[in-house]
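A short worksheet on the structure shown next.
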Amino acid sequence: MPQPAAIYFSLRYRDAVKMVDWLVEAFGFEKHAVFLSDDGSKVVHAELRLGEGIVMFGSSEGTDFAKLVQTPAELGGTTASPYIATTDIDALCERARTAGAEICMEPRDQTYGSRDFICKDPEGHIWCFGTYRPGAASA
């Protein structure tokens, strides 16, 4: 029997080696797998876990995939943004701010019942965090 589909997202970073530790510090990810180039200067593939979710990423050069996906600096912005459903939004926002994230939207309550904040990481990826869980039973 085939396994049900799962969705993961993948990003590219100019300095992915540095971003491994930054994402752990800023958002509380745990290192699941980090594969470096032979000289240790590039991330060939990284997986960081937060709860049941995983973000995958690697260095922005040196792979066929990197030729297809641009960094925010190369693109001049972003076209997508990860949304992470979690709790204690205010504390997470402060953790991200302390790590150097640019807070684009301070924590606020939404009309649909979520408490959200939005920030930008040091390389320009936009991250959205909120208490709303898509697909959950609505009231």
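The values are calculated or read from the model by the stated rules, or taken from the named source; none is laboratory data. As the structure is a prediction and not an experimental result, all values here were calculated from the model. Methodologically, a virtual Cβ is constructed for each residue, glycine included, from the backbone with ideal geometry; neighbour enumeration extends over all protein chains shown. Surface areas here come from the heavy atoms of the whole protein model, side chains and all, with no ligands, DNA or RNA. Shrake-Rupley method; radii C 1.70, N 1.55, O 1.52, S 1.80 Å.
Computed about its Cα centre, the charge dipole of the chain is approximately 240 debye, with only Lys, Arg, Asp and Glu carrying charge at their Cβ. Of the residues A5, W22, F35, the one whose Cα sits farthest toward the positive end of the charge dipole of the stretch 1-40, with +1 on the Cβ of Lys and Arg and -1 on the Cβ of Asp and Glu, is A5. The mean accessible area for residues of the stretch 1-92, using a 1.4 Å probe and ignoring ligands and nucleic acids, is 63 Å² per residue. A Förster distance of 30 Å, applied to the separation of the beta-carbon atoms of C104 and D21, puts the FRET efficiency at 0.85. A simple packing score, the average count of other Cβ atoms within 10 Å per residue, orders the peptides 55-66, 106-117 as 55-66, 106-117, with the highest score first. Using the alpha-carbon atoms, what tilt in degrees (0 to 90, nearest 10) does helix 16-27 show relative to the longest principal axis of the chain? Once rounded, one gets 20 degrees. With R₀ fixed at 35 Å, the C-beta to C-beta distance from D90 to T63 puts the FRET efficiency at about 0.40. Report, for the chain, the % of DSSP beta bridges that are antiparallel, rounded to 5. If I count the DSSP bridges inside the chain, around 70 percent turn out antiparallel.
GNM remark for the chain: springs join alpha carbons under 10 Å apart, and the peak mean-square fluctuation among E94, E52, E30 falls on E52. Taking Cβ atoms as reference points and 9 Å as the exclusive limit, the residues near E102 contribute a net charge of +1, counting Lys and Arg as +1 and Asp and Glu as -1. Taking the 1.4 Å solvent-accessible surface of the chain as the whole, the part contributed by carbon and sulfur is 52%.
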